[in-house]
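Some notes on the structure that comes next.
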Amino acid sequence: MEIALPLDQMTTAEKLGVMEAIWADLSRNEREIESPAWHQQVLREREERVRSGEERFMDWDTAKQQLRDRLK
């Protein structure tokens, strides 16, 4: 199935909304999605950066708002 979206006519907010809708749909069946092998290593590296103070966590709602503010 091919779905054509008018991406060149959509605002960034509309594109993000579509991505959120797709992600919400995929999340309903998360057990069907297998994590790639490299993912565990990336998570370990990021966890170490948080532990060392090099990085910090941010809740998803705050991160989304910051992205939206930057893209306005």
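Laid out as a table, the results:
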| read-out | value |
| --- | --- |
| Residue within segment 63-72 that is farther than 23 Å from Lys15 by Cβ and in contact with a helix residue (DSSP H, G or I) (Cβ under 7 Å, 6 or more places away or on another chain) present | no |
| First in segment 1-19 and among the hydrophobic types (A, V, I, L, M, F, W, C), second anywhere and loosely packed, with under 11 Cβ neighbours inside 10 Å, Cβ under 9 Å, 6 or more apart | Ala13/Lys72; Val18/Leu5 |
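Quick note: the coordinates plus some simple rules give every number you see, no bench work behind them. The structure presented is a predicted model; accordingly, all values stated were derived computationally and were not measured. Heads up, the Cβs are rebuilt from the backbone with ideal geometry, glycines too, and the neighbour counts pull from every protein chain shown.
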